[in-house]
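Colleague: One structure coming up, written as structure tokens, with questions to follow.
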Amino acid sequence: MQNKADQEFIESQQFNQWWLWALLLAIFSVGFYGLIQQLILDIPFGSKPMNNIGILGFNFFNLGMLLFFKWMRLDTRIDDKGIYMRFVPFKTKQHSWEEIESIQVVHYGFVGGWGIRLFTEYGTVYNMRGAKGLAIRLKSGKKFLIGSQRIEELTKYIAQFPQNKA
């Protein structure tokens, strides 16, 4: 008897690019330094300082962005029932094999960045990094692509489905 891991493909991705986190943390650090300097040390921050409410708002916004990027993720599950994708917090898609015309692992290249990309040759692209993923065409004519960091495992897993055109 096969175990559950052999019966489904599961992948969860997050934004983990070092440069993205370095940029977000740098912006947060400058804002936090300004907050400490202006509110705690009572020294205006910069040559044209914000008021205290503004610097608090800026820091809450920066903290919110850090938490938002940490929270975002792309979950993919493929099993004998179909394909399930969730791009937290924006979109959830679930399609049974009866709805799917074709699936194919592709190298989609650069589609204008990461996240959700509309109006590409693959339809809507959902990705966190990289340039490879699973292109899906539905019988309705709609198409979309789910980025993946585990292409070899994904390719082996989808080989068992008749919709695979790879």
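The values are calculated or read from the model by the stated rules, or taken from the named source; none is laboratory data. Only a predicted model underlies this, so the values are computations on that prediction, with no experimental measurement involved. Cβ: placed from backbone, ideal geometry, glycine included. Neighbour counts: every protein chain shown. These area figures cover heavy atoms from the full protein model, side chains too; ligands, DNA and RNA do not enter into them. Shrake-Rupley method; radii C 1.70, N 1.55, O 1.52, S 1.80 Å.
Colleague: Considering only segment 89-109, state which residues are in contact with a Gly (Cβ under 9 Å, 6 or more places away or on another chain) and either open to solvent by 40 Å² or more (accessible area, probe 1.4 Å) or touching a residue at least 60 places away in the same chain (Cβ under 8 Å) (or both). Working first, answer last.
Modeller: Taking segment 89-109 as the starting set, the residues that turn out to be in contact with a Gly (Cβ under 9 Å, 6 or more places away or on another chain) are 90, 94-101, 105-108.
Result: Phe90, Gln94, Trp97, Glu98, Glu99, Ile100, Glu101, Val105, His107.
Colleague: Please tell me if Leu134 is outside any loop (DSSP other than H, G, I, E, B) and either under 17 Å from Gln17 (Cβ atoms) or free of Cβ contacts under 8 Å to residues at least 24 places away in the same chain (or both).
Modeller: Values: outside any loop (DSSP other than H, G, I, E, B): yes; either under 17 Å from Gln17 (Cβ atoms) or free of Cβ contacts under 8 Å to residues at least 24 places away in the same chain (or both): no.
Judged against the criteria, Leu134 is not a match.
Residues checked against (1) open to solvent by 80 Å² or more (accessible area, probe 1.4 Å); (2) in a helix (DSSP H, G or I); (3) over 30 Å from Gly113 (Cβ atoms):
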| site | (1), (2), (3) |
| --- | --- |
| Phe15 | no, no, no |
| Leu20 | no, yes, no |
| Leu24 | no, yes, no |
| Phe28 | no, yes, no |
| Phe32 | yes, yes, no |
| Gln37 | no, yes, yes |
| Ile43 | yes, no, yes |
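Colleague: Taking the condition of being of a type outside the set (Phe, Trp, Tyr) and under 13 Å from Ile27 (Cα atoms), how many residues in segment 56-83 meet it?
Modeller: Pass one, segment 56-83, residues of a type outside the set (Phe, Trp, Tyr): 56-57, 59, 62-67, 70, 72-83.
Subsequent filtering for residues that are under 13 Å from Ile27 (Cα atoms) retains 59, 62-66.
Count: 6.
Colleague: Within segment 82-123, track down each residue that is on the phi > 0 side of the Ramachandran plot and among the small types (Gly, Ala, Ser). Write out each step before concluding.
Modeller: Taking segment 82-123 first, the residues on the phi > 0 side of the Ramachandran plot are 82, 109, 112-113, 115, 119, 123.
Listed by number, the residues that qualify are Gly82, Gly109, Gly112, Gly113, Gly115, Gly123.
Colleague: For segment 32-48, check the following and say yes or no: at least one residue is closer than 30 Å to Arg137 by Cβ and either without any contact (Cβ under 8 Å) to a residue 12 or more places away in the chain or among the β-branched types (Val, Ile, Thr) (or both). Please lay out each step first, then the result.
Modeller: As a first pass, look at segment 32-48 and keep what is closer than 30 Å to Arg137 by Cβ: none.
Within segment 32-48, not a single residue is closer than 30 Å to Arg137 by Cβ and either without any contact (Cβ under 8 Å) to a residue 12 or more places away in the chain or among the β-branched types (Val, Ile, Thr) (or both).
Colleague: Checking Thr76 against (1) free of Cβ contacts under 8 Å to residues at least 12 places away in the same chain; (2) open to solvent by less than 20 Å² (accessible area, probe 1.4 Å); (3) part of a strand (DSSP E or B), which single condition isn't satisfied?
Modeller: With respect to (1) free of Cβ contacts under 8 Å to residues at least 12 places away in the same chain; (2) open to solvent by less than 20 Å² (accessible area, probe 1.4 Å); (3) part of a strand (DSSP E or B), Thr76 is out only on (1).
Colleague: Among the residues of segment 13-36, count how many are touching a Gly at 6+ places or on another chain (Cβ under 9 Å) and more than 30 Å from Ile151 (Cβ to Cβ).
Modeller: Matching residues across segment 13-36 total 1.
Colleague: Just to verify a result, which residue in segment 50-68, among those that are open to solvent by less than 80 Å² (accessible area, probe 1.4 Å) and without any contact (Cβ under 8 Å) to a residue 12 or more places away in the chain, is nearest to the chain's Cα centre (by Cα)?
Modeller: Once the filter is applied, the top-ranked residue is Phe68.
Colleague: I'd like the full set of residues that are at pLDDT below 90 and open to solvent by less than 20 Å² (accessible area, probe 1.4 Å), limited to segment 110-166.
Modeller: Listed by number, the residues that qualify are Gly113, Gly115.
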